[in-house]
Amino acid sequence: MSTRNGRLPHDGLDLAQEAQIQRAIRDLRHLTENSPETIPWAQQIVAARAAVSTFERTGFVYMPEYANEQTFVISALQKIAYPEADSTGVADIADWCMAQWLVLLTRNPNDVDALRGLGQNWLARAQASLSRIHRQEGGSSSGSSGRPLSTNDRTGYTSSEEAREADRANVEADARAHTADYVEARGMLIPAVDFLARAVEVAEVDGRLTGNLLSEAAESLMHLGNVTYSHSNEQYFHRAVRFLRRAAQMPDFRLSPYLQR
């Protein structure tokens, strides 16, 4: 009998189901190896949902022999679910990806890919709220709009003027922090920060730490700092700066202009 890697089909899978899994993986590789412009997004969603149906029906994520493919599959589907930074995403595919990451994390609590995937999923979910905040305030959701002025910004101010300006900025920022978009963003960014920070810790122990992972963790921290109350936001900015400094020291990695600001 011809089987995958010379083994019998897994746990009662027949050859037809094995072939379906292989075909779904090939279809996803085809999508990821081509630029998004060459394949209409609607067609990508149809293919992604067909793949999810196959993986769900066969119990793909529970098969340890597919461990390498599982990480690729979930990551690829997650990218399809969130095609643009500020999109709301495709909920059913995004939810499926999160559930599969959690399965992998249950199997191995130190799975760097699962920790990172969960962090990326939560960070992507927060983008719609952050985008609304950006539009409402007319400034960047990752900038310092409404936050106390920096030392350079305060040139020419007296100490009393600086204090009043800082107090005013804090009051305004904290008032916005009560609003729905800020509350929603925090609810998604807190788990994003937790999972990505944990991924950094595990990756460092495993010798797999990269500049990309550090910059993703820093981005989540900066976003959280910008939607958090003034009495506690500095801790997130300080951690973000530490991660960015470490990322800048990583070989063959350059911070994006956005993160260098």
Cα-Cα pairs of the range 11-99 separated by more than 20 Å (percent): 31
Take each of the peptides 14-23, 75-84, average the number of other beta-carbon atoms within 10 Å over its residues, and list them starting from the highest. 75-84, 14-23
Compute the FRET efficiency between residue 212 and residue 171 as 1/(1 + (r/R0)^6), taking r as their Cβ-Cβ distance and R0 = 41 Å, and round to the nearest 0.05. 0.65
Quote the charge dipole size of the range 11-99 about the Cα centre in Debye, to the nearest 20; the model charges only the Cβ of Lys and Arg (+1) and of Asp and Glu (-1). 140
Using Cβ contacts closer than 10 Å as the measure, can you line up 52, 241 from fewest to most? 241, 52
Given R₀ = 25 Å, FRET efficiency for residue 160-residue 229 by Cβ-Cβ distance, to 0.05? 0.55
At 7 Å along Cα-to-Cβ for each site, give me the label-to-label distance between residue 87 and residue 53 in nm. 2.0
Can you order the peptides 28-35, 178-185 by their average number of other Cβ atoms within 10 Å per residue, highest first? 178-185, 28-35
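Throughout, read-outs are computed from the coordinates displayed, never taken from laboratory work. Since the model is a prediction, treat every value here as computed from it, not as a measurement. For neighbour counting, all protein chains shown are included, and Cβ atoms are generated from backbone atoms with ideal geometry for every residue, glycine included.
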